[in-house]
Amino acid sequence: QVQLVESGGGLVQPGGSLRLSCAASRSISSFRIMGWYRQAPGKQRELVAQILTLGNRDYADSVKGRFTISRDNAKNTLYLQMNSLKPEDTAAYYCNAADTSYYWGKGTLVTVSS
(Lines give C-alpha, C1' and ligand atoms only; values in the text may rest on other atoms or scores of the structure.)
Protein backbone atom coordinates (compact mmCIF):
# COMPACT_ATOMS: atom_id res chain seq x y z
CA GLN A 1 0.00 0.00 0.00
CA VAL A 2 1.20 3.53 -0.79
CA GLN A 3 0.66 6.54 1.41
CA LEU A 4 0.49 9.99 -0.13
CA VAL A 5 0.71 12.98 2.20
CA GLU A 6 -0.05 16.46 0.96
CA SER A 7 1.23 19.65 2.56
CA GLY A 8 1.62 23.33 1.79
CA GLY A 9 -1.98 24.49 1.84
CA GLY A 10 -3.17 27.52 3.72
CA LEU A 11 -4.72 30.95 3.49
CA VAL A 12 -3.39 33.29 0.82
CA GLN A 13 -4.54 36.59 -0.64
CA PRO A 14 -5.66 36.85 -4.26
CA GLY A 15 -2.62 37.16 -6.50
CA GLY A 16 -0.45 35.24 -4.07
CA SER A 17 1.41 31.97 -4.45
CA LEU A 18 1.59 28.59 -2.74
CA ARG A 19 3.53 25.42 -3.40
CA LEU A 20 1.87 22.14 -2.58
CA SER A 21 3.88 19.01 -1.93
CA CYS A 22 2.85 15.37 -2.01
CA ALA A 23 5.26 12.99 -0.31
CA ALA A 24 4.97 9.31 -1.18
CA SER A 25 5.85 6.43 1.11
CA ARG A 26 7.81 4.70 -1.66
CA SER A 27 9.54 5.43 -4.92
CA ILE A 28 7.38 7.39 -7.34
CA SER A 29 9.40 6.49 -10.41
CA SER A 30 7.09 3.56 -11.17
CA PHE A 31 3.92 5.63 -11.19
CA ARG A 32 2.80 6.10 -14.79
CA ILE A 33 0.72 9.14 -13.86
CA MET A 34 0.72 11.51 -10.92
CA GLY A 35 -1.66 14.39 -10.54
CA TRP A 36 -3.38 17.01 -8.48
CA TYR A 37 -7.14 17.21 -8.15
CA ARG A 38 -9.26 19.68 -6.25
CA GLN A 39 -12.73 19.77 -4.81
CA ALA A 40 -14.51 22.96 -3.84
CA PRO A 41 -17.49 22.91 -1.47
CA GLY A 42 -20.57 21.65 -3.25
CA LYS A 43 -18.67 20.75 -6.39
CA GLN A 44 -17.27 17.60 -7.93
CA ARG A 45 -13.60 16.73 -7.71
CA GLU A 46 -11.77 17.93 -10.80
CA LEU A 47 -8.38 17.36 -12.36
CA VAL A 48 -6.04 20.31 -11.95
CA ALA A 49 -2.81 18.98 -13.44
CA GLN A 50 -1.11 15.70 -14.19
CA ILE A 51 2.35 14.56 -15.17
CA LEU A 52 3.26 11.36 -16.94
CA THR A 53 6.35 9.20 -16.50
CA LEU A 54 8.09 10.74 -19.52
CA GLY A 55 7.37 14.24 -18.26
CA ASN A 56 4.34 15.18 -20.36
CA ARG A 57 2.12 17.60 -18.48
CA ASP A 58 -1.58 18.41 -18.78
CA TYR A 59 -3.45 21.24 -17.09
CA ALA A 60 -7.04 22.27 -16.62
CA ASP A 61 -7.81 25.31 -18.75
CA SER A 62 -8.60 27.29 -15.62
CA VAL A 63 -5.05 26.99 -14.29
CA LYS A 64 -2.94 27.06 -17.47
CA GLY A 65 -0.20 29.64 -17.23
CA ARG A 66 -0.59 29.94 -13.46
CA PHE A 67 0.10 26.46 -12.06
CA THR A 68 3.08 24.20 -12.66
CA ILE A 69 3.25 20.51 -11.78
CA SER A 70 6.57 18.79 -11.24
CA ARG A 71 7.95 15.64 -9.70
CA ASP A 72 11.23 14.89 -7.95
CA ASN A 73 11.84 11.16 -8.16
CA ALA A 74 14.87 11.39 -5.86
CA LYS A 75 12.70 12.87 -3.11
CA ASN A 76 9.61 10.79 -3.93
CA THR A 77 7.65 14.01 -4.05
CA LEU A 78 5.15 15.63 -6.38
CA TYR A 79 4.73 19.41 -6.40
CA LEU A 80 2.21 21.96 -7.55
CA GLN A 81 3.43 25.53 -7.81
CA MET A 82 0.41 27.84 -7.79
CA ASN A 83 0.84 31.47 -8.78
CA SER A 84 -1.62 34.32 -9.33
CA LEU A 85 -4.14 32.59 -7.14
CA LYS A 86 -7.80 33.51 -7.44
CA PRO A 87 -10.70 33.07 -5.01
CA GLU A 88 -12.10 30.40 -7.32
CA ASP A 89 -8.98 28.31 -6.65
CA THR A 90 -10.23 27.77 -3.11
CA ALA A 91 -10.63 24.04 -2.59
CA ALA A 92 -9.23 20.94 -0.98
CA TYR A 93 -6.35 19.72 -3.14
CA TYR A 94 -5.63 16.01 -3.45
CA CYS A 95 -2.63 14.14 -4.74
CA ASN A 96 -3.19 11.12 -6.95
CA ALA A 97 -0.84 8.44 -8.24
CA ALA A 98 -1.45 5.49 -10.51
CA ASP A 99 0.43 2.35 -11.40
CA THR A 100 -1.73 -0.79 -11.50
CA SER A 101 -3.85 0.82 -8.76
CA TYR A 102 -4.97 4.33 -7.91
CA TYR A 103 -3.83 6.04 -4.73
CA TRP A 104 -5.11 9.20 -3.06
CA GLY A 105 -3.87 11.46 -0.34
CA LYS A 106 -6.16 12.96 2.29
CA GLY A 107 -5.89 16.46 0.90
CA THR A 108 -4.70 19.89 1.89
CA LEU A 109 -6.93 22.95 2.04
CA VAL A 110 -6.21 26.05 0.00
CA THR A 111 -8.17 29.21 0.75
CA VAL A 112 -7.75 32.29 -1.42
CA SER A 113 -9.32 35.28 0.22
CA SER A 114 -8.61 38.86 1.15
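The values are calculated or read from the model by the stated rules, or taken from the named source; none is laboratory data. The structure presented is a predicted model; accordingly, all values stated were derived computationally and were not measured. Cβ: placed from backbone, ideal geometry, glycine included. Neighbour counts: every protein chain shown. Ligands, DNA and RNA are stripped out before the accessible areas are found, and what is left, the full protein with its side chains, is counted by its heavy atoms. Shrake-Rupley method; radii C 1.70, N 1.55, O 1.52, S 1.80 Å.
Once phi is turned into ³J(HN,Hα) by the Karplus curve 6.51 cos²θ - 1.76 cosθ + 1.60 with θ = phi - 60°, what whole-Hz value does each residue of region 103-114 show in order, with x for glycine and proline?
Each residue's phi maps through the Karplus curve to give 10, 10, x, 8, x, 9, 8, 10, 10, 10, 7, 8 Hz.
If you take every DSSP beta bridge whose two residues both sit in the chain, what share of them, in percent to the nearest 5, is antiparallel?
95 percent
What is the local net charge at S30, summed over the other residues whose Cβ is closer than 14 Å to its Cβ (Lys, Arg +1; Asp, Glu -1)?
It works out to a net charge of +2.
Enter the accessible area per residue of the chain (Å², integer; probe 1.4 Å; all protein chains in place). Present the calculation step by step, with values, prior to reporting the outcome.
Numbers: 6080 Å² over 114 residues.
In whole numbers, the chain has 53 Å² accessible per residue.
Only Cα pairs within less than 10 Å get springs; with that Gaussian network setup on the chain, which residue of A97, A23, A40 has the largest fluctuation?
Taking springs between Cα atoms under 10 Å, the residue moving most is A40.
Report in % the part of the accessible area of region 37-114 that belongs to carbon and sulfur, leaving out ligands and nucleic acids; probe 1.4 Å.
47 percent
So between R19 and T100, what do we pick up on full extension, going 0.36 nm a residue minus the alpha carbon distance? If you can, show how the numbers build up before the last one.
Numbers: separation 81, 0.36 × 81 = 29.16 nm, distance 2.79 nm.
Working it through step by step, the gained length comes to 26.4 nm.
Within the set of other residues whose C-beta is less than 14 Å from the C-beta of Y102, count the net charge using Lys and Arg as +1 and Asp and Glu as -1.
Net of charged neighbours comes to +1.
Trypsin sites (Lys or Arg not before Pro) within region 1-76: which are DSSP loop residues with at most 12 other Cβ atoms inside 10 Å?
Loop-located and lightly packed - R26, R32, K43, K64, K75.
Compute from the Cα atoms of region 13-75 the Rg and the Dmax, the latter being the longest Cα-Cα distance, and quote both in angstrom.
13.0, 37
Please pull out the direction-averaged projected area of the chain, using the convex hull of its alpha-carbon atoms, in nm² to one decimal place. Please report the intermediate quantities before stating the final value.
On the way: hull surface 26.6 nm².
If you wrap the Cα atoms of the chain in a convex hull and average its projections, you get 6.6 nm².
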